[in-house]
Amino acid sequence: MITSKNILNELFHLSDGDLADLSTRVKHEAHRRTLAATEHVGSEIIGLEMAKRVVTVAVGGGHSVVFVGREGSGKTMLRALAAQLGLTETFEARPCLCGNHGDPHRRCRCTERQLVSHQRHWPRAEIFCEVVAPSEREFRANLRGTSLDEIRAVIDRKGAVPGSFDAAADSLLSYAIREFGLRLPVVDTIRRVARTVAALDRSDVVTSSHLNEAINYRMPD
Ligand SMILES: [Zn+2]
């Protein structure tokens, strides 16, 4: 039986050439699956403004994203939106066994242990986005919201990617590393995503507000 664990064990024995070839094939397969999954889905999304902001940042910096939410929350639509903007390294997962975790309108019936073991199978990506379907009221209050063209305009206006973090951003990062016990690869990803947020803001330095947004997008441990 082919399992991801078997494949990972084999990776250590591959030559650099085979590894590069495999890496390209994996990217192509992720691309093909995203296009197949989102083929018949429209990309004009009602509501879900926070998730659209996540798509803007992901596309702006070419960051992979995983959308987590219950059935019908809008994950596939968000992937279609990202694909239309040129990003196909997107994935989706269900939040927990019962599907209600993280949804303010429903109660999760899973135990802590079930949650942890379920989350272990989520696809890993640079950006994590929890998707909660808008309530009836939010749906009516925000009939359309940000359009595809508006998102594209924000990305097109993007400035140069800044190299440095200001003093407040530096101390916020040190605080977050201590407070959340962030591992080095996670910190690297947060720094890269923060640079993208700053570039979208046309700022020549990464500020604590850019960094704060990037910290909120990290995968839960
Ligand atoms: Zn649950």
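Quick one: would you say ARG70 is within 16 Å of the ligand (Cβ to nearest atom), open to solvent by 20 Å² or more (accessible area, probe 1.4 Å), touching a residue at least 40 places away in the same chain (Cβ under 8 Å) and more than 26 Å from VAL154 (Cα to Cα)? Answer is yes for this residue. In this entry, GLY61 passes the filter for residues that are in contact with a helix residue (DSSP H, G or I) (Cβ under 7 Å, 6 or more places away or on another chain) and in the same structural domain as ARG140 (by TED's automatic domain parsing).
Selection of the stretch 101-111 for residues being surrounded by fewer than 16 Cβ atoms within 10 Å (Cβ to Cβ) and within 6 Å of the ligand (Cβ to nearest atom) yields only ARG109.
Residues are listed down the side, and each one gets a yes or a no for (1) over 15 Å from HIS210 (Cα atoms); (2) free of Cβ contacts under 8 Å to residues at least 12 places away in the same chain; (3) acidic (Asp, Glu):
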{"position": "VAL132", "(1), (2), (3)": "yes, no, no"}
{"position": "ARG137", "(1), (2), (3)": "yes, yes, no"}
{"position": "SER147", "(1), (2), (3)": "yes, no, no"}
{"position": "ILE155", "(1), (2), (3)": "yes, no, no"}
{"position": "LYS158", "(1), (2), (3)": "no, no, no"}
{"position": "SER164", "(1), (2), (3)": "no, no, no"}
{"position": "ALA167", "(1), (2), (3)": "no, yes, no"}
{"position": "ARG178", "(1), (2), (3)": "yes, yes, no"}
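Go through LEU115, LEU173 for me and flag whichever is open to solvent by less than 40 Å² (accessible area, probe 1.4 Å), within 14 Å of the ligand (Cβ to nearest atom) and assigned to a helix (DSSP H, G or I). Of LEU115, LEU173, the one residue that is open to solvent by less than 40 Å² (accessible area, probe 1.4 Å), within 14 Å of the ligand (Cβ to nearest atom) and assigned to a helix (DSSP H, G or I) is LEU115. Within the stretch 31-53, the set of residues being surrounded by fewer than 16 Cβ atoms within 10 Å (Cβ to Cβ) and at pLDDT 85 or above comprises HIS31, ARG32, ARG33, LEU35, ALA36, GLU49, MET50. Selection of the stretch 118-132 for residues being of a type in the set (A, V, I, L, M), open to solvent by less than 40 Å² (accessible area, probe 1.4 Å) and either part of a loop (DSSP other than H, G, I, E, B) or within 12 Å of the ligand (Cβ to nearest atom) (or both) yields ALA125, VAL131. Of the residues that make up the stretch 121-142, is at least one within 19 Å of the chain's Cα centre (by Cα) and of a type in the set (Gly, Ala, Ser)? Yes, because at least one residue in the stretch 121-142 is within 19 Å of the chain's Cα centre (by Cα) and of a type in the set (Gly, Ala, Ser).
For every residue, the table says whether it meets (1) touching a strand residue (DSSP E or B) at 6+ places or on another chain (Cβ under 8 Å); (2) in the same structural domain as ALA125 (by TED's automatic domain parsing).
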{"residue": "LEU148", "(1), (2)": "no, yes"}
{"residue": "ARG152", "(1), (2)": "no, yes"}
{"residue": "SER171", "(1), (2)": "no, no"}
{"residue": "GLY181", "(1), (2)": "no, no"}
{"residue": "PRO185", "(1), (2)": "no, no"}
{"residue": "ILE190", "(1), (2)": "no, no"}
{"residue": "VAL193", "(1), (2)": "yes, no"}
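Here VAL66 clears all of (1) under 29 Å from ARG202 (Cβ atoms); (2) part of a helix (DSSP H, G or I) except the condition numbered (2). Evaluation of THR56 against the conditions (1) in contact (Cβ under 8 Å) with a residue 12 or more places away in the chain; (2) among the polar types (S, T, N, Q); (3) open to solvent by 20 Å² or more (accessible area, probe 1.4 Å) shows that the sole unmet condition is (3). Only residues that are among the charged types (D, E, K, R) and either more than 13 Å from PHE128 (Cα to Cα) or outside the structural domain of GLU130 (by TED's automatic domain parsing) (or both) were counted across the stretch 37-58, and they come to 3.
Of everything listed in (1) closer than 20 Å to PRO220 by Cα; (2) part of a helix (DSSP H, G or I), the single unmet condition for ASP149 is (1).
Among the residues of the stretch 73-100, those that are in a loop (DSSP other than H, G, I, E, B) and within 16 Å of the ligand (Cβ to nearest atom) comprise SER73, ARG94, PRO95, CYS96, LEU97, CYS98, GLY99, ASN100.
The values are calculated or read from the model by the stated rules, or taken from the named source; none is laboratory data. Since we're looking at a predicted model, the values are computed, not measured. So basically every Cβ, Gly included, is an ideal-geometry build from the backbone, and we count neighbours across all protein chains shown. For the accessible areas, the whole protein counts, side chains as well, though only heavy atoms, and no ligand, DNA or RNA atoms are used. Shrake-Rupley method; radii C 1.70, N 1.55, O 1.52, S 1.80 Å.
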